[in-house]
1. Tell me, what is the percent relative contact order of segment 87-235, built from C-alpha pairs under 8 Å that lie six or more residues apart?
2. 5 Å is the cut-off here: which amide hydrogens, built 1.01 Å from N in the peptide plane, fall below it relative to Asp377, excluding neighbours closer than 5 in sequence?
3. Under 8 Å for C-alpha pairs, at least 6 residues apart: give me the relative contact order for segment 275-465, rounded to a whole percent.
4. Assuming R0 = 22 Å, what is the FRET efficiency of Arg196 and Leu112, from their Cβ-Cβ distance, to the nearest 0.05?
5. Once you have the Kirkwood Rh of segment 275-465 from its Cα pairs, apply Stokes-Einstein at 20 °C and 1.002 mPa s and quote D in µm²/s.
6. Using Cβ contacts closer than 10 Å as the measure, can you line up Asp318, Asp437 from fewest to most?
7. Considering amide H positions built from the backbone, and no H for Pro or chain starts, which residues 5 or more places from Phe451, or on another chain, come under 5 Å of its amide H?
8. For Gly203, enumerate residues with amide H under 5 Å from its amide H, sequence gap 5+ or separate chain, H modeled in the peptide plane.
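Every number here is computed from the coordinates shown, using simple stated rules; none is lab data. Please read these numbers as outputs of a predicted model, since none were measured by experiment. In this analysis, Cβ positions are derived from the backbone assuming ideal geometry, glycine residues included, and neighbour counts consider all displayed protein chains.
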Amino acid sequence: MPVAGALAVTAFAPLGWFPVACLALVVLFYCWQQDTPVQALRHGLLFGLGFFVYFLGGNLDSLFFPDALPAPTFGTPGLLWASLTLALLTVPVDGEVLIVQGFDGEQSHAGLCRHALDMQRLAAIDDGDGSASILGAAVTAPAAGIVERTIDHLPDNPAGTNHSPGCWGNHVVIHLDQGVWATLAHLQQGSIALDRGMRVETGTPVGWVGNSGCPSVPHLHLHVQGSSDPGSPTVPFRLANYQSVDHGTAARPEWYAASVPNEGDVIMAAPPNPPVHELLVSMAPGRAVWAMDTDGEVPREFRAARSGRDFTLNISLDAQGRHVFNTSDGGRLVAVLAPDAWRLIELNDGSSSFLKLLASGAPSVPYAATQGMTWEDPVPVRPASWWRLMTAPYRRQPLQIARCTCLSVPSDTSQTIEISASLRPDSGLAPSRISCDFESLHGPVKLHADFAAGSLTFRRLSFEPELPRDI
C-alpha cells in the first residue's frame, strides 16, 4: 500500500495541486490508522517520497512551456530545473569571434574558473602575427545590471609578454538583474567607460579589448560568478541569440536561441534579417478560412476531420501583444514576439491537428533567419500518453525537438518565409517532415506534413483582417 501510494502521488502530479491535496488527506488518515508509531512513520516516509517527487517535478507547465528558453538536456531532475535558470548573456563584441578556450579548457579554465569563455579573432590565429587581432574591439554589456567593480589603470602587455599585475587585468564586474555577477576581463588601459553603481543595459558600451593581466595574446575573457567575491567559483551560463560561422566548408549557418559554444567554434551575435523581422512582426489579426486535404494513410491523432473540410482560424492579439490562434474546433495556440524570435509558447488544446502540426513545424522563427540557416527548438506539445507525461521530468529529452531549416526568405520575387522541420525522437506517429509557409500580414498560409504512408496538407483559402482586440 505505501509503495502504491507513492507511485500514485507521482502519477497525480501532472494533474495539478488539487488531486494531490485530496490524496494527501487520504494518506494522513491511513497513517493515523496504523497500529504502532513505527508503522505510521514508515508509511509516512514512503508517502513523503512521492510528495517529494511531486514538488520536485510536478510543475510541468514551466517545463513544457519555458518561455523563450530551449528544452533542457540534463538527465536528473535537479540539473534539469537548474538548466532553466542559467544566466543568459549576449556575445559582448561585434563580428566573428573564435572561442579559443571554452568551459573546462585545458589552458586555464579549470577549478574555480572552469565556466569561462575566451574570445579572439579567427584571422589572428590563422596569420599568427596578430595582424587581425581582437585588440581594440569595442566591448558591450552582455546583460542588464549594475556595475559592481571596475579596474582601469593597469598597463597593457606588449605582444608576447604578460608582465601586467593581476590575473584579470583591467576588468568590469556587473551585478546582473538575473542575480549573478558577470566579469569582462583583459580590457585596454583607460578604455572603460563605466563607474561603480552605474546602470547598464544589454549592449551598453563597456570599453575596448586590451592585453592586460595574465594573457600574452589579446583576447576577451567572459565568466559568471555566484557572488561578487573576485575569488568565488564561476557558474554555468549560456550565450543567447548567436549563430555559428563555418568558413571553408559547405556547412549551413546554425542559429542558437541559448547554448554554450564549444572550444574552436566561430560564432557571432545574430543580427535580425530586416525582411524576415518585418514579416514576422507585421502578422495581423484576422479571420482565415482553411481547407485540409489528405493523401494516403495518416495517423489517427491527425485525422480530426475528413479530407476537404473547411475550418476557420482566428488570429487575435491579447492584452500582452501575443498572437493567439483559435480554430473553430476549439484549439488554441499562443505565440510571442520574443527578443530573438517569433516563438510558439503554449498549446492549450492538442486536439487540433492543424495547430499541433504548426507547433511542431515552426516552434520558432528567428529574426536572423537567412536561406539555409538551421536551428533547433522544443515543440510546445504535451506528451500524448499519461506515462510519458508523468515521467517527462526525468527523461534526458522530455520533449520532441524540431530541427528546422529556412528554405526561403522574403525577396523581390516572393514575400514568403518557408520553414522545413523534422522531429526527434521519432515517436512512430509523428510526421517525418513538416513544411510551413508564412506571408507578410497573413502569417501562416500553407502547412504540409509527410507521414510514413501518407501526407496532410492545409491551405489557406481566404483571409479577412480585423482590428486588434483583447480576448
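1. 28
2. Those qualifying (amide H under 5 Å, at least 5 residues apart or on another chain) are Ala402, Cys404.
3. Result for segment 275-465 is 24 percent.
4. Plugging the Cβ-Cβ distance into 1/(1 + (r/R0)^6) gives 0.40.
5. 128
6. Asp318, Asp437
7. Amide H neighbours of Phe451, under 5 Å, 5+ apart: Ser432, Leu456.
8. Result for Gly203 returns Ala141, Ala143.
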